[in-house]
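Written out below as structure tokens is the structure these notes cover.
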Amino acid sequence: MNHLKKISNPLLAWFRARARSLPWRDDPRPYYVWVSEIMLQQTRVAAVMPYFSRFVAALPDIGALASADDDALMKLWEGLGYYSRARNLKKAAQVVMEKYGGAIPRDFDKLLALPGVGRYTAGAIASIAYGARVPAVDGNVLRVVARLTASREDVLREKTKRAVEEALAASMPKDAGQFNQAMMEMGALVCLPRTPHCAECPLASLCRAHAEGIEAELPVKAAKKERRIEPRTVLLIERDGKFAIAKRPKRGLLASLWEFPNLIGEKNRAEILAFCKDAGLPVKSARRMKAARHIFTHIEWRLSGWHILLKDDSEAAVKEPRAPFGSAPLPPLTWATRQELSDTYSIPVAFHAYIPQNT
């Protein structure tokens, strides 16, 4: 990878001419860099922009984040997915307040020790916010380097990532923050996964994959396991203009977020009515709703939905159901208005197809 030392000048010249204006790039204070990098994990820049603006307006600094109400924090994050990122942000902010007096550390190893901060994020904060000469290697950077070097090493292996880090560290120019951002920008705008724009690339003359005509074959990634398909039936239970929601367990998928009650498996009308009867819910009507699906990293939920309208003036408490059909009992229910679902409670994207609209 020695010829990576030749890429700095053309890459930085291209970046200075073509770099996108982004709020965390235009104002690279450590807090902004950190929040943006966490948000950008598994998420596109265009999707992150409005979330970032709302987040830093509501929680403008480390102290505000460290003391944020959990439900308010989840509401700010609603729709971004991978909610553990937000929980770890708050945990890390509390560590920064307790150990570092509210100042995000400059040192790579201290950054790496914070909850939710991996090697890439630590490198990005240290280099972009503080100018440290350390690499920041994400998926975009791995793809660019694999093509520049015509490497057929599996980029998902930790050994490969460390080798790329070492090679870039040895090639790092003085302006490490701009170099790292330029590498990320190359992967995001030019060296795309399926159809790289080689004619627009400032490094085309240095790219071994381009010279060999094998750009589309790289990078090499081990085949992923197939996602598990999991059918679920969502119950939009309405009573006196309010809708039943429940909080998910503190651990596991979508931990501590609010959801509509749901059952494992696809249930028919008779099964739904029997379940509601067991749960002490006096049903006035049951209407099938549209099907939906949501893809997690390793699981795909295939959702069917039922709008369950309870009898007027029903104040019956939910009884402990006998958990028919192999499903878990209903958890304690909270009743929320349409406006509260919109403004107060964080409902994961997986259930957004069933959120009642304000009329």
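The values are calculated or read from the model by the stated rules, or taken from the named source; none is laboratory data. This one's a predicted model, so the numbers in the text were calculated from it and none came from an experiment. Ideal geometry is used to build each Cβ from the backbone, glycine not excepted, and the neighbour counts take in all protein chains shown.
Give me the pairs, please: first residue somewhere in the stretch 156-172 and within 13 Å of Pro219 (Cβ to Cβ), second residue anywhere and in a helix (DSSP H, G or I), beta-carbon distance under 8 Å, and either six or more positions apart or on two chains. As it stands, the answer is Thr160/Leu142; Lys161/Arg119; Lys161/Leu142; Val164/Val141; Val164/Leu142; Val164/Val145, since those pairs meet every condition given.
Considering the stretch 118-183, there are no qualifying helices (runs of 4 or more DSSP H) wholly inside with 2 or more residues that are at pLDDT 95 or above, of a type in the set (Phe, Trp, Tyr) and buried (at least 24 other Cβ atoms within 10 Å of the Cβ). Of the conditions (1) more than 24 Å from the chain's Cα centre (by Cα); (2) surrounded by fewer than 17 Cβ atoms within 10 Å (Cβ to Cβ); (3) in contact (Cβ under 8 Å) with a residue 40 or more places away in the chain, Ala209 satisfies every one except a single condition; which number is it? Tallying (1) more than 24 Å from the chain's Cα centre (by Cα); (2) surrounded by fewer than 17 Cβ atoms within 10 Å (Cβ to Cβ); (3) in contact (Cβ under 8 Å) with a residue 40 or more places away in the chain, Ala209 fails exactly one: (2). Residue under question is Ala17, and the condition is that it be closer than 21 Å to Lys90 by Cα and either assigned by TED's automatic domain parsing to the domain that holds Gly102 or exposed (fewer than 14 other Cβ atoms within 10 Å of the Cβ) (or both); does it hold? Against the criterion (closer than 21 Å to Lys90 by Cα and either assigned by TED's automatic domain parsing to the domain that holds Gly102 or exposed (fewer than 14 other Cβ atoms within 10 Å of the Cβ) (or both)), Ala17 does not qualify. The residue that is surrounded by the fewest Cβ atoms within 10 Å (Cβ to Cβ), counting only those in the stretch 231-278 that are assigned to a helix (DSSP H, G or I) and of a type outside the set (Asp, Glu), is Ala270. Restricting the search to helices (runs of 4 or more DSSP H) fully inside the stretch 1-53 and requiring at least 2 residues that are of a type in the set (Phe, Trp, Tyr) gives 8-18, 30-40. As for the stretch 204-213, it holds no residue that is in contact with a Pro (Cβ under 7 Å, 6 or more places away or on another chain) and either in the same structural domain as Ala129 (by TED's automatic domain parsing) or acidic (Asp, Glu) (or both).
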